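The values are calculated or read from the model by the stated rules, or taken from the named source; none is laboratory data. Just so it is clear, the structure is predicted and the values come from calculations on it, not from any experiment. Note that we place each Cβ from the backbone using ideal geometry, even for glycine, and neighbour counts take in every protein chain shown. Each accessible area value is taken on the protein alone, full model and side chains, heavy atoms only, with ligands, DNA and RNA left out. Shrake-Rupley method; radii C 1.70, N 1.55, O 1.52, S 1.80 Å.
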Amino acid sequence: ANPIVVTDEAGPCNPTVAFLSESSNGLSCPETITRVYRVSNDCGDFIDVQQLIIIEDTQAPIFSAAPANVTVQCSGDVPAPTNLAWTDNCDGSGNAMSSDGPIVGGTCGGKITRTWTYTDACGNTATANQTITINDTQAPVLAAAPGNVTVQCSGDVPAPANLGWTDNCDGSGTVLSSD
């Protein structure tokens, strides 16, 4: 800190500076602190001066690195929402929970944007995003079909039968044959 230099036009009256008071406007963004000092001399002269200190947070919080973008086969493979750490020059640190936007393009070939947002006490906002792509590239698998048969008459053709299937995303079921 620089020393306070006071001169007195009246001559050898030895000026001094004394702190009188400090008050705040009680706000946080911005906060204004008013300090009052009295400059006096031993000749009985004095003046009071004010110092205004304005504290204004204009710096946005900072998130840790968001998880890397990811591609999954099925909507059921989308990773669970997570917290992401943030730090702020005035608010300290903490965690923000993600929120997922809607699937754009469908559950077999769409994208979800996962977003983390934190707004500090002064309204400065930080945002981090992750893109989750759903791209089902695996075909269903049918159970083994019945073996080929040779029959004498069209009336001997076996009745249509159900055939089982499994799928990486849709589970399992049966499908009726068509001739």
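Can you give the net charge of the other residues whose Cβ lies under 10 Å from the Cβ of Q51, counting K and R as +1 and D and E as -1? Kindly include the intermediate steps, with their values, before the conclusion.
Details: positive: R35; negative: E22.
Every neighbour counted, the sum reads 0.
Please state the charge dipole magnitude for the chain, taken about the Cα centre, from unit charges on C-beta atoms (+1 on K and R, -1 on D and E), reported in debye and rounded to the nearest 20.
560
Compute the signed sum of charges (Lys and Arg +1, Asp and Glu -1) over the other residues within less than 14 Å, Cβ to Cβ, of C108.
-3
Given bins 5 angstrom wide, list per bin the percent of all Cα-Cα distances in the stretch 101-179, short to long.
Per 5 Å bin, starting at 0, the Cα pair percentages come out as 3, 11, 12, 11, 10, 10, 8, 7, 6, 5, 5, 4, 3, 2, 1, 1, 1, 0.
How many angstrom separate the Cα center of the stretch 114-145 from the Cα center of the stretch 39-82?
28
Provide the per residue accessible area, probe 1.4 Å, for the chain, rounded to a whole number of square angstrom.
Working: 12130 Å² over 179 residues.
With all protein chains present, the chain gives 68 Å² per residue.
What part of the accessible area of the chain, given as a whole %, is carbon or sulfur when the probe is 1.4 angstrom?
The computed percentage sits at 53.
Are there cysteines in the chain with no second cysteine's Cβ under 4.7 Å away, and if so, which?
C90, C108, C153, each lacking another Cys Cβ under 4.7 Å.
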